[in-house]
Amino acid sequence: MAMPPLRLLQHIRTHCPPPSSPMLLRVRKPSFARSSVEGFISLMAKYTTGGSGSPKLLFRQLFEKDSSTYTYLLADVGHPDKPALLVDPVDKTVERDLTFVKELGLKLIYAMNTHVHADHVTGTALIKGMVPGVQSVISKASNARADLFVEHGDKIHFGNLFLEVRATPGHTLGCVTYVTGDGSDQPQPRMAFTGDALLIHGCGRTDFQGGSSDQLYNSVHSQIFTLPKDTLLYPAHDYKGFTVTTVEEELSHNPRLTKDKETFKNIMENLKLAYPKMIDVAVPANMVCGFQDAIKKPSEALAS
């Protein structure tokens, strides 16, 4: 017998982790309105596991407050080794993230970036220095340093799961979006980690690092908006407290990318954004995988 909605909600409040816990899966309510608590919880369950008989995906969304950056942890917990990867790690939260990975009993194999960030230093160098065998990943088009370079159409396997690489340049020349697999043995609905190419009801700026509004418009419409409408979209940043959106929502509500291309280009050319305060530190460091002179200790990274 199904638990009554009010009783189920009380159960959730009692047993779910507090908001400060990195284990909490944060869901933006307006994206997935449901008429009942049961429907909401049923949808939440799909975010963390595959369907019947499919590999188990562990997924966590982590946050770095200074740059409002999201780091994503994915792992195949149905595999004996529990292989895991981090997307867009930040130097200041490496100690937290690696402690969490250890607590969950995961084996971290990849530290990946969606692009060369301008607002924070990537944590990949620190991670490589602390976890032997971890490989850094970035697009070949970024011209940055890494252990593995990926291109459009490549697949990154972790256990029995994989991420598909989709080239989405425009914010920078080397931006990519990582998308969970589309096979019957892969978790559904699909998930896409869009970096700064597509934000929640927004998009990344296009006025530096080889950016192009024309290219960004084409990238989002051809590589992200063509995914199934229920695909969950997770950006590298959010500045309003939102955490996730969908293809369907962005097709209807994105105030920039729902416009025609010429209108979009005009919007982007007239944003008049301030010069990024971290760009002169972040970009040079991120071009070399986050190395700055030498690998810092975690305490030094957190204090920087």
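The values are calculated or read from the model by the stated rules, or taken from the named source; none is laboratory data. Everything quoted here is computed from the prediction, not taken from an experiment. No Cβ is skipped: glycine too gets one built from the backbone with ideal geometry, and neighbour counts run over all protein chains shown. Each accessible area value is taken on the protein alone, full model and side chains, heavy atoms only, with ligands, DNA and RNA left out. Shrake-Rupley method; radii C 1.70, N 1.55, O 1.52, S 1.80 Å.
Points to keep in mind about this one:
- Considering only region 164-250, percent of DSSP beta bridges that pair antiparallel, nearest 5: 70
- Span from the region 210-269 Cα centroid across to the region 73-99 one, whole angstrom: 27
- Loop-located chymotrypsin sites (Phe, Trp or Tyr not before Pro) in region 172-215 (DSSP state not H, G, I, E or B) with no more than 15 neighbouring Cβ atoms inside 10 Å: PHE208.
- Karplus-derived HN-Hα couplings along region 110-125 (A = 6.51, B = -1.76, C = 1.60, θ = phi - 60°), whole Hz, x at Gly and Pro: 9, 10, 10, 10, 7, 5, 7, 6, 10, 10, 7, 8, 4, x, 4, 5
- Cut-off 16 Å (backbone N to label point 7 Å along Cα→Cβ of GLU269), residues of region 198-212: 206-208, 211-212
- Estimated at the nearest 10 Å², the accessible area of GLU248 is 100 Å² with a 1.4 Å probe.
- Annotation: for a label point projected 7 angstrom from Cα along Cα→Cβ of HIS152, residues of region 222-251 with backbone N closer than 13 Å are 222-224.
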